[in-house]
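First up is the structure itself, then whatever we jot down about it.
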Amino acid sequence: IPSEEEIQLAKHRVQYQEGLFHFAATGVSGAGKSSLINAFRGLRNRDEGAAPTGVVETTANIARFPDPNPKNPFVWYDVPGSGTLNIPDWQYFTAQGLYVFDCIIILFDTRFTMTDLAMLVNCRRLNIPTYIVRSKSDSHIRNIIKESGYDSDEDEDRSRRNALYSSAREQYIAETRATVKYNLQEAKLPDQRVYIVANSTMVSTVRDQKLSEKTIDELELMRDLFREAQSRRCGKGIDRS
């Protein structure tokens, strides 16, 4: 458990402000943390004020991004990917000072890692709420369709395309939920929901306040995050000040 001095130093590093709610997005390099933070803030990657993104990990230090909506007392943090730092998985949580955040979003793309599991264990120990999120659902679903041998450029049958998309989507959702459930069981951790999202759909959900046929868990994730913030601001959470 971190000392009071360590907590205050970590809060100073991330410019923690009382009265605001601090979300941290963690995950391995390439999981899409920066893009997801942009989407949470209603921004596309090329919009002014967006977190920088790229194929190579663009975050060397924890980056702080206040929510552009003045009605949202939130600050979003982009945490360096564990694979880019010379830090063992079990030390990643402590080395980054993640114990000061109000909520931690554990983001993964292709696979759930030991670092992700270590993050869950540490957060559970300190009673920090966690949300497991799988990103890039649109790309993964397209890949499943391609692997089935379907070529969209040669097919003008819209109903067939829709049927293939629906099947691939259900397969992707089922496989993702089963994989996370298995990994949690193997680590002897309680079952926990995994939210399946695509950044483009998240932007539309936040900025345009509308759902699309491709929406999976984007709306529910935002609602649950906001409810978490509201409940803890009302004094139901653990005080780590």
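The values are calculated or read from the model by the stated rules, or taken from the named source; none is laboratory data. Small disclaimer: the values here were computed from a predicted structure and weren't measured. We place every Cβ from the backbone using ideal geometry, glycine too, and count neighbours over all the protein chains shown. Note: accessible area is taken over every heavy atom of the protein model, side chains too, but ligands, DNA and RNA are not part of it. Shrake-Rupley method; radii C 1.70, N 1.55, O 1.52, S 1.80 Å.
Tell me whether the stretch 60-73 contains one or more residues that are modelled with pLDDT of 90 or more and of a type in the set (D, E).
Yes.
Can you tell which of D191, D116 is assigned to a loop (DSSP other than H, G, I, E, B) and among the charged types (D, E, K, R)?
Result of the check over D191, D116: D191.
Residues of the stretch 152-176 being hydrophobic (A, V, I, L, M, F, W, C) and either surrounded by 15 or more Cβ atoms within 10 Å (Cβ to Cβ) or in contact (Cβ under 8 Å) with a residue 24 or more places away in the chain (or both), which ones?
L164, A168, I173 - these are the residues of the stretch 152-176 that are hydrophobic (A, V, I, L, M, F, W, C) and either surrounded by 15 or more Cβ atoms within 10 Å (Cβ to Cβ) or in contact (Cβ under 8 Å) with a residue 24 or more places away in the chain (or both).
When residues of the stretch 17-53 are filtered for being outside any loop (DSSP other than H, G, I, E, B) and β-branched (V, I, T), how many remain?
So the count comes out to 2.
What is the number of the single condition among (1) closer than 30 Å to F21 by Cβ; (2) not in a helix (DSSP H, G or I) that V203 does not meet?
(2)
Hey, E228 hits all of (1) open to solvent by less than 50 Å² (accessible area, probe 1.4 Å); (2) modelled with pLDDT of 90 or more; (3) acidic (D, E) but one; which does it fall short on?
(2)
Which is assigned to a helix (DSSP H, G or I) and on the phi < 0 side of the Ramachandran plot, of T179, T215? Walk me through how you get there before you give the answer.
Values: T215 fails: assigned to a helix (DSSP H, G or I).
Just a single option satisfies the conditions, and that option is T179.
Looking only at the stretch 3-14, how many residues end up being assigned to a loop (DSSP other than H, G, I, E, B), in contact (Cβ under 8 Å) with a residue 60 or more places away in the chain and open to solvent by 30 Å² or more (accessible area, probe 1.4 Å)?
0
Could you tell me how many of the residues in the stretch 177-199 are open to solvent by 70 Å² or more (accessible area, probe 1.4 Å) and either within 14 Å of the chain's Cα centre (by Cα) or of a type outside the set (S, T, Y) (or both)?
7
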